[in-house]
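Enquirer: Sending over a structure as structure tokens; questions will come in a sec.
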Amino acid sequence: MESNAVNKKRKNHFNLKRLQAESVIFHTINYLLLIGLCVIMLYPMLNTLALSFNDGLDAVRGGIRLWPRRFTLNNYETLFSVPTVFPAFRISIYRTIVTVITNLVFTSMLAYAISRPEYKLGKPIALIVVITMYFNAGLIPHFILRQSLGLLNTFAVLWFPSMISAFNLIIIRTYMKSLPESLVESAKLDGSGDFGIYVRIIMPLCKPVLATIALFVAVGAWNEWFDAFIYNSARPDLEVLQGVLRQFLAAAMAHAAGGGGGHAAAAAAAAGAPVLATPLTLRAAITIFTALPILLVFPFLQRYIVHGMTLGGVKE
Amino acid sequence: MKKLLLILVLLMVAVAVLAACGRNGDEQSDATPSPPPVTGQETQPDQQPPLDLGILGPHNPVTWTMMIVTDNMPPAADNWLMERIREELGVTLIFDIVPGDLQDTRVATMLAAGATLPDIIHVTQLDAHMAAGGTLMRLDPFLESGMFPRLQEHHAPYIGRLSFREGPVEPGLYQMATWNRFYTDDQGGGPIMGPTHGGTGFWLQKSVLEFHGFPNLDNMTLERYFDMIEEYMIANPTIDGMPTIGFTFPMLGRVWGMTNPPQFLAGHPNNGEVLVENGIARIYHTSEYAEYYWRALNDAFHRGLVDPESWTRTQDEYQAALATGRVLGFHDQGWAFGTPRDALIEAGRYERTWIPTMPVMRSGTTPWYADRPVLNVNQGIGIPVTSDNPEHKLLFFETLLQPEWQMLFTWGREGIDYHVDANGNFYRTAEQRRNADEAAWRLSNRVEVLWDAIPKIQGSLPCGNAYTPGNQPSEFYEGLSDYFRFFLTSYGLGTWTQFANDPPSNPPYYPAWQAPIPGGTPAAEAAAQIQDILPRLVPGLISAPPGEFDTRWAAFIAEFEMVNTEALEAQIQSFIDDRIARAR
Amino acid sequence: MLMSIPMLLYVILFAYVPLGGWVMAFQNFRPRFGVGPIRNLIEAEWVGLAHFRTLLDTSGHTGARFIRALTNTVGQSLLTLVVGTISAIVLSLMLHEVRQTGIKRFIQNILYLPHFLSWMIVTVLVSMALALPVSGGIINDVLLALRIIREPIQFLAEPRYFWGIVAGANLWRNLGWNTIIYMASMTAIDPNLYEAASIDGANRYRKMWHITLATIRPTIILLIIMNIGWLLASGFEIQFFLGSGPSIARAENIDIFVLRFGIEQHNFGLATAAGVFRTGVSILLLLAANLVAKLMKQETLF
């Protein structure tokens, strides 16, 4: 007996040491690989950042890696000098916020409804909605639809048609299905109605997935410009940021094709001062500028995604 | 009474401005012989009687929505020119700008959905969508009414070409001509061709020519071209620490950059996919010229002169490679590499820029690399049928066609954006020039979107200055660096354009690549097939290992035999015949 | 539950009602102004199944091109799916093993970055990476240094690499992003389970398999099913910017085909027909994948 216990202890001790060694090796390799991956992902972003701060004509010659060779703020100055940039920026922000909120509310409501096993229509509805991910009726029919609904040239056309997203619906539904059933049961015993359960119990528990979906929707809405272009053509005050910047980039490329006669370039050579923003560096500046807001929102949402379920709930 | 006074005041202003311009013009015409008149252009626009503005003016303010297909940006709110248009002509324009690549989508939606049309439309592709859709008004009655003499004059010599004749609508003029309506006929670096060659060429680095002692460039051949490159390359295997590239061309996204040369080697201008001899169109990709070219390239490839990355570089990388100054020669169109050239100039590497050479296959062939700008018949402003009071709008464009207004668009305000010297010559200071290159400045001081669309006077203005500063010879000479002056002097030439040929007048069908190819037809299918074969097989021709060229060439021809080239040729031929028949 | 009905109607309105436009697939649609959309559709010349026949007739050039585009699309998508899914799962597991949340979040943020670069920039970067060493092509540099190849390869000049290039570009851009869903699912795992498993003698890998992977298995299956439905869409920008050269035979996919033959030629009927065909096949694939999952007693989409 005693020897068995001692043996087991020795064995455990021995295993523990082996475990520790293995743990160190594993974590080292894990970290190395992750860091390597980070470098691969990070380098192009840093490169774009460097380009955005580099003199346009100088950048065209290539060879810019992680650091600007001829530093200038000219690219950003040029960007901000476009008068429609800031109004468009505001519109993009509004549009993103409204889209995220409406999307979260309505998609999660529908997701809850179809996640309940007792709801007979759940499966057919899921089918109908999911299939919509796989077809696109084409631009002209969509245009006609919005025209008939009076949505053209309004702010509403930027968020109203996109309030329910099939993909997000499935994600949320899956998550809700994984929540313990006992929560709902006990709430029903307490006399709560469906909507009450949804608001008071389910939603708070869904923070991780809602934060995730909010991120997806935000990125999509922030980058979307085509709908504003097609549906709001008579309202230049409703342009979105990406649309304006895209147009500006095209203008810069058109002007560059003419060559500018080389005057500014010659003057710059004489003065030794960087002066011209070229499409290459402008595009870099645009990328950084448009990615910045999302990148700032990131850490904020991350908090919810990571911590999520460890608070509350009932352990099965 | 008030109206009469207003008209009088405006008349006086008009006369004053005309006098300022006209006086210089008179002096000019005394000193130099007037250019020989070109067929069909009888009167200069400023010899028209002063406009009776009538309904156009601040007493009659209007707001029009205008859709313009352009890549430029709309003007800023504080733009002085828009302000002046508002004040003097009473017109406020709300722009709906459509980028060129999204034009098809927008037009399709507008038509199919029956959306409200703007008051004025400008598109860059007058095809069946617009006119055959019954969208635009036929402008011939207005021009013939005599109410718009300038517009009438603008269109009269080319009315045959500008008329739209396809589809169910009545044949006639539906779009006002906008680009390349030249009122004068200057050559050799004058205001029509400009000082810088924007057309095609086999470009050669200036340092290479200097290395060879500024040899005569007449009767250039591909052999001499590649020999010169090779000798320089042997002496300079690297430039600025990077390997020298002998020859390259743009390809990804611009397949024709690779496949156009055989036309020029045959002494023909750029007609797209065909060579037109005696009015007959033939696809040239399997012709003797093409074979000659690919063999020459194959040979150059094996001498290490052709960069194998030519057919895998994106446009950005191509521009970057050019901007490093290590590319000795390439085939491209001059307007396409302005940025690399500017980059080299900014870095002070003037000798790394290029001049165009014009090799031909058979000695004695006259090269035709530089072509005269062709009247653009696909673009222009049209008035939708839903627009009310079209005369008002036409009067607006009639007014803008006056030299005084045209100058506001291109040169700006005298004393602020440019100056006039004692001889009536327009010139700019360094700062004024720099301004014009600043995108932000242009948003407040130019209305590029409108300038893209409206009918323009191109060539020389009546006062003798070029219609735009870019083509003003004195502006060109001001900006020349010492090296450039030295280079030009060594060749005894005055402008870069003079390195290229003097362009002859264009045949009526030129350029044949404007021929419409209706979708879904055998011709369209043939064209798509060709656009598939070329990028797939031509790089293989160029890089064929020694001895394999003939096999690959035979395979290339075999693939072409499966293409219904006759259908494509027939389609282009009908376009050519039609143009020839309509020509005056 | 009643609240779901209006939402269902909403979805039907915005997704199904516009399907009326599919009649264009059976017409030669040439719109005229002033007659409104309904009349335009009614008046267009009816050609029945002609467009579909053109698409699938391999003896004709258009048909052959379409089939080629179809093959390329499926090849590119499948490769992207396989490579992408496996990598995303592996990466999620790796990330899950990182104990310090601060470092984990930092790494995650960096991994998400490529997703924010527009496809234009990604194309440029991909092209630069694939260039020859003399132009700074790092992939060639690395392969030569590791002695995997002896001569540099001009990747974009050879058609056979293109599918891999598409998968690789998608992988680089979306790998970090794709882990988000898996990571979010992993937050539902009770940490005590790991403790309990250790006591039972499970090593790291068994824990991964039985706990972590088991928890995210429904998500994995669902994503695979959904992606199989998307098999006929393999992207656009990479093919458009990098695939118009010598590798066009393996680059041109359905989207590019629709652009060249449908939109650029103003042939809306053909473009719509290609879209209808694509949708039909996609839904069939989707239902098939769902069925397979059901038969294997896994989580299903519906």
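The values are calculated or read from the model by the stated rules, or taken from the named source; none is laboratory data. These numbers come from a predicted model, not from an experiment. Glycine gets a Cβ as well: all are built from the backbone with ideal geometry, and neighbour counts include every protein chain shown.
Enquirer: Go through (1) in contact with a Lys or Arg (Cβ under 8 Å, 6 or more places away or on another chain); (2) under 28 Å from residue A:161 (Cβ atoms); (3) not aromatic (Phe, Trp, Tyr) for residue C:72 and report which single condition fails.
Expert: For residue C:72, the exception is condition (2).
Enquirer: Now a separate question. Go over the candidates A:183, A:189, A:149 one by one and state the one that is within 12 Å of chain C (Cβ to nearest Cβ) and among the hydrophobic types (A, V, I, L, M, F, W, C).
Expert: Residue meeting the stated conditions: A:149.
Enquirer: Given C:173, C:147, which one is outside any helix (DSSP H, G or I) and of a type outside the set (Val, Ile, Thr)?
Expert: That would be C:147, the only listed residue that is outside any helix (DSSP H, G or I) and of a type outside the set (Val, Ile, Thr).
Enquirer: Exactly one condition in (1) under 30 Å from residue B:175 (Cα atoms); (2) more than 8 Å from chain A (Cβ to nearest Cβ) is false for residue B:363; which is it?
Expert: Answer for residue B:363: the failing condition is (1).
Enquirer: Something else: Go through region C:230-250 and give me each residue that's within 10 Å of another protein chain (Cβ to nearest Cβ), surrounded by 24 or more Cβ atoms within 10 Å (Cβ to Cβ) and part of a helix (DSSP H, G or I).
Expert: Of everything in region C:230-250, just one residue is within 10 Å of another protein chain (Cβ to nearest Cβ), surrounded by 24 or more Cβ atoms within 10 Å (Cβ to Cβ) and part of a helix (DSSP H, G or I), namely C:242.
Enquirer: For residues that are of a type in the set (A, V, I, L, M) and surrounded by fewer than 22 Cβ atoms within 10 Å (Cβ to Cβ), scanning just region C:257-272, find the one that is farthest from the other protein chains (Cβ to nearest Cβ).
Expert: C:259
Enquirer: Sticking with this structure for a sec: With facing another protein chain (nearest Cβ under 7 Å) and hydroxyl-bearing (Ser, Thr, Tyr) as the only criterion, which of A:107, A:174 stands out?
Expert: A:174
Enquirer: What residue, of C:125, C:130, C:117, C:95, is more than 8 Å from chain A (Cβ to nearest Cβ), of a type in the set (A, V, I, L, M) and out of contact with any strand residue (DSSP E or B) (no Cβ under 9 Å at 6 or more places or on another chain)?
Expert: Criteria check complete, one pass: C:130.
Enquirer: If you take the residues of region B:448-498 that are within 13 Å of another protein chain (Cβ to nearest Cβ) and outside any helix (DSSP H, G or I), which of them is surrounded by the fewest Cβ atoms within 10 Å (Cβ to Cβ)?
Expert: So the residue we want is B:481.
Enquirer: Oh, and also: Within region B:99-110, restricting attention to residues that are hydrophobic (A, V, I, L, M, F, W, C) and more than 8 Å from chain A (Cβ to nearest Cβ), which residue is farthest from residue C:260 (Cα to Cα)?
Expert: B:110
Enquirer: Which of the numbered conditions does residue B:67 fail, given that it passes all the others? Conditions: (1) in contact (Cβ under 8 Å) with a residue 12 or more places away in the chain; (2) part of a loop (DSSP other than H, G, I, E, B); (3) within 21 Å of residue A:237 (Cβ to Cβ).
Expert: Unmet condition: (2).
Enquirer: Anything in region A:192-204 that is away from chain C (no Cβ under 11 Å) and not in a helix (DSSP H, G or I)? List them, or say none.
Expert: Residue satisfying the conditions is A:192 alone.
Enquirer: Can I ask one more? In the list B:295, B:349, B:326, which residue meets the criterion of being among the charged types (D, E, K, R) and away from chain A (no Cβ under 14 Å)?
Expert: Result: B:295 is the single residue among B:295, B:349, B:326 that is among the charged types (D, E, K, R) and away from chain A (no Cβ under 14 Å).
Enquirer: Restricting the search to region A:264-315, which residues are modelled with pLDDT of 70 or more and assigned to a loop (DSSP other than H, G, I, E, B)?
Expert: A:277, A:278, listed by residue number.
Enquirer: Return the residue satisfying two criteria in turn: it lies in region A:152-171 and is small (Gly, Ala, Ser) and within 11 Å of chain C (Cβ to nearest Cβ), and of such residues it is farthest from residue A:207 (Cα to Cα).
Expert: Of everything passing the filter in region A:152-171, A:162 is farthest from residue A:207 (Cα to Cα).
Enquirer: Count, please, the residues in region A:148-173 that happen to be surrounded by 19 or more Cβ atoms within 10 Å (Cβ to Cβ) and free of Cβ contacts under 8 Å to residues at least 12 places away in the same chain.
Expert: Within region A:148-173, residues that are surrounded by 19 or more Cβ atoms within 10 Å (Cβ to Cβ) and free of Cβ contacts under 8 Å to residues at least 12 places away in the same chain number 0.
Enquirer: Among the residues of region B:38-80, what is the count of those that are out of contact with any Phe, Trp or Tyr (no Cβ under 7 Å at 6 or more places or on another chain), among the hydrophobic types (A, V, I, L, M, F, W, C) and at pLDDT 85 or above?
Expert: So the answer is 7.
Enquirer: I would also like to ask the following. Could you grab the pairs with beta carbons closer than 7 Å, sequence gap of 6+ or different chains, first residue in region C:37-65 and more than 14 Å from chain A (Cβ to nearest Cβ), second one surrounded by fewer than 14 Cβ atoms within 10 Å (Cβ to Cβ) and of a type in the set (S, T, N, Q)?
Expert: Every condition considered, the pairs that remain are C:64/C:58.
Enquirer: Select, from A:150, A:259, the only residue that is at pLDDT below 85 and over 19 Å from residue A:301 (Cβ atoms).
Expert: From the options A:150, A:259, the qualifying one is A:259.
Enquirer: I'd like the full set of residues that are assigned to a helix (DSSP H, G or I) and without any contact (Cβ under 8 Å) to a residue 60 or more places away in the chain, limited to region B:232-284.
Expert: B:234, B:235, B:256, B:262, B:263
Enquirer: Output the number of the condition that residue C:153 fails; it satisfies all remaining conditions of (1) in a loop (DSSP other than H, G, I, E, B); (2) without any contact (Cβ under 8 Å) to a residue 12 or more places away in the chain; (3) under 30 Å from residue B:241 (Cα atoms).
Expert: Among (1) in a loop (DSSP other than H, G, I, E, B); (2) without any contact (Cβ under 8 Å) to a residue 12 or more places away in the chain; (3) under 30 Å from residue B:241 (Cα atoms), residue C:153 violates only (2).
Enquirer: Mind telling me which of the residues B:342, B:417 ends up being over 30 Å from residue B:505 (Cα atoms), of a type outside the set (Phe, Trp, Tyr) and in contact with a Leu (Cβ under 7 Å, 6 or more places away or on another chain)?
Expert: The match here is B:342.
Enquirer: Taking region B:80-98 on its own, how many of its residues are surrounded by 16 or more Cβ atoms within 10 Å (Cβ to Cβ) and within 14 Å of another protein chain (Cβ to nearest Cβ)?
Expert: 6
Enquirer: Would a scan of region B:285-306 turn up a residue that is without any contact (Cβ under 8 Å) to a residue 40 or more places away in the chain and among the hydroxyl-bearing types (Ser, Thr, Tyr)?
Expert: yes
Enquirer: Looking at (1) buried (at least 20 other Cβ atoms within 10 Å of the Cβ); (2) in contact (Cβ under 8 Å) with a residue 60 or more places away in the chain; (3) away from chain B (no Cβ under 14 Å), find the lone condition where residue C:277 falls short.
Expert: (1)
Enquirer: Which pairs do you get when a residue that is over 13 Å from residue B:183 (Cβ atoms), found in region B:461-478, comes within reach of a residue that is basic (Lys, Arg) and outside any helix (DSSP H, G or I), reach meaning Cβ atoms under 9 angstrom, with the pair 6+ apart or on two chains?
Expert: B:469/B:428; B:472/B:428; B:475/B:428; B:478/B:428
Enquirer: Give region B:57-77 a look and list any residue that's surrounded by fewer than 17 Cβ atoms within 10 Å (Cβ to Cβ) and of a type in the set (Ser, Thr, Tyr), or say none.
Expert: The one that is surrounded by fewer than 17 Cβ atoms within 10 Å (Cβ to Cβ) and of a type in the set (Ser, Thr, Tyr): B:63.
Enquirer: Across region B:269-283, what is the number of residues that are of a type outside the set (A, V, I, L, M) and crowded, with 21+ Cβ neighbours inside 10 Å?
Expert: Count: 3.
Enquirer: Those residues that are farther than 20 Å from residue B:243 by Cβ and hydrophobic (A, V, I, L, M, F, W, C), I need them from region B:338-368; list them, please.
Expert: The answer is B:345, B:355, B:358, B:360, B:361, B:368.
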